[in-house]
Ligand code: IFM
């Protein structure tokens, strides 16, 4: 097992991650408003099999059982997101106390089981009313996000000590606003660039709100990041890989940590330029306590003539999403982010894999590929720490099989299998592997990794 010789600091946090729309269900309960994902799923042809998050894993009602499974797993922390339309059904204005009550109960349940809540404020379920009023391409949505943040933090800030403002703004901006494959289903690059800017701006405002309303809490943002490798050593392929790195990684890292969008992309007009107001970049680059990194794969890029082209490495293993399994990419990514941007702390807020799991005749779900994926990626995190990256925790994506956006329920990322007809939870072999891994860590004094650099 690669992790057998992988040291971690004794206070390293072992977690699992989820998101509201992907697991909660209860779409019409306790005053929840409509989200862009409800509308998108109801639009024929947008989501595989016409699936939606209407029932999902029914976490809204079954969370005490799920927290019990987390406890048995030995988790130190649970990452979940808050559904904005439960708190402000119309996006702004009247706060729905029943929506807040749900997260209040969840946080108390977690703390009662010694599990630290890591709350994400936005994991893509924008209230439909805000989309109708202009959505993320409009600056007003960023203002609304700051108001929503205040309502949530005022209620939960006495108990939640780790806040993540946004999850994967690249995905929400580009896949949702330019490629049209996610809600709200827009297909304009200008909208994507504006949405990305307003997501970042609202992040900066939310950092202030959280620090003011919950002093002492830790605030960060989660980005989806992936190292971009040139397919060959030619200058053309290297330039193509650098462009992909710019669009996927530096477009967010540079404004957050350097207060500027990447000059090479602006100069080449690789993307439409964002419309900035004075002070926006200072707001966006307000110091944060940690950076959340979601990583699943790497990019291998060649120059396709009319732009970068993604190459498939045929000899590598690929997951059910078609994503290459390449643990060293996580190691190199973490070391590179630490070197180039010096975040105070890093949490790997998502890492995991979808495979075509089935429950077999013995009643179990045997998922050796996922166990191997987690083992090799966790070992890569240990190497990154040894090489100087300030990684403080690791969250498996995901605790439960769940609604995988445009793929519906066809992709299973969980370490707990969901039997969708009955909603029975069946811990997979990877769950037991992670449980044993965490418990061995807890029993064995861990040598602090020493930087080799
Ligand atoms: O399911 C998603 C999650 O919502 C965001 N990060 C990637 C996961 C797997 O695609």
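The values are calculated or read from the model by the stated rules, or taken from the named source; none is laboratory data. From a predicted model like this one, the values you see are computed outputs, not experimental measurements. Glycine gets a Cβ as well: all are built from the backbone with ideal geometry, and neighbour counts include every protein chain shown.
Assorted remarks:
- Top-ranked residue in segment 295-321 [being within 16 Å of the ligand (Cβ to nearest atom) and buried (at least 21 other Cβ atoms within 10 Å of the Cβ); ranked as nearest to residue 220 (Cα to Cα)]: 295
- Criterion (within 19 Å of residue 346 (Cβ to Cβ) and surrounded by fewer than 14 Cβ atoms within 10 Å (Cβ to Cβ)) met by exactly one of 287, 255: 287
- Condition check for residue 160 on (1) more than 24 Å from residue 34 (Cα to Cα); (2) within 16 Å of the ligand (Cβ to nearest atom); (3) surrounded by 22 or more Cβ atoms within 10 Å (Cβ to Cβ): one failure, at (2).
- Here residue 29 clears all of (1) surrounded by fewer than 18 Cβ atoms within 10 Å (Cβ to Cβ); (2) in contact with a strand residue (DSSP E or B) (Cβ under 7 Å, 6 or more places away or on another chain) except the condition numbered (2).
- Of the residues examined, residue 337 is one that is within 19 Å of the chain's Cα centre (by Cα) and surrounded by 20 or more Cβ atoms within 10 Å (Cβ to Cβ).
- Test result for residue 158, touching a residue at least 24 places away in the same chain (Cβ under 8 Å) and out of contact with any helix residue (DSSP H, G or I) (no Cβ under 9 Å at 6 or more places or on another chain): yes
- Residue 400 being at positive phi and modelled with pLDDT of 95 or more: no
- The residues in segment 121-153 that are more than 19 Å from residue 32 (Cβ to Cβ) and within 16 Å of the ligand (Cβ to nearest atom) can be counted, and the count is 0.
- Residue that is farthest from residue 283 (Cα to Cα) [pool: residues in segment 232-268 that are in contact with a helix residue (DSSP H, G or I) (Cβ under 8 Å, 6 or more places away or on another chain), free of Cβ contacts under 8 Å to residues at least 24 places away in the same chain and part of a helix (DSSP H, G or I)]: 242
- Where helices (runs of 4 or more DSSP H) sit wholly within segment 1-120, those with at least 1 residues that are touching a residue at least 24 places away in the same chain (Cβ under 8 Å) and away from the ligand (no atom under 16 Å from the Cβ) occupy 36-41, 59-73, 84-87, 97-112.
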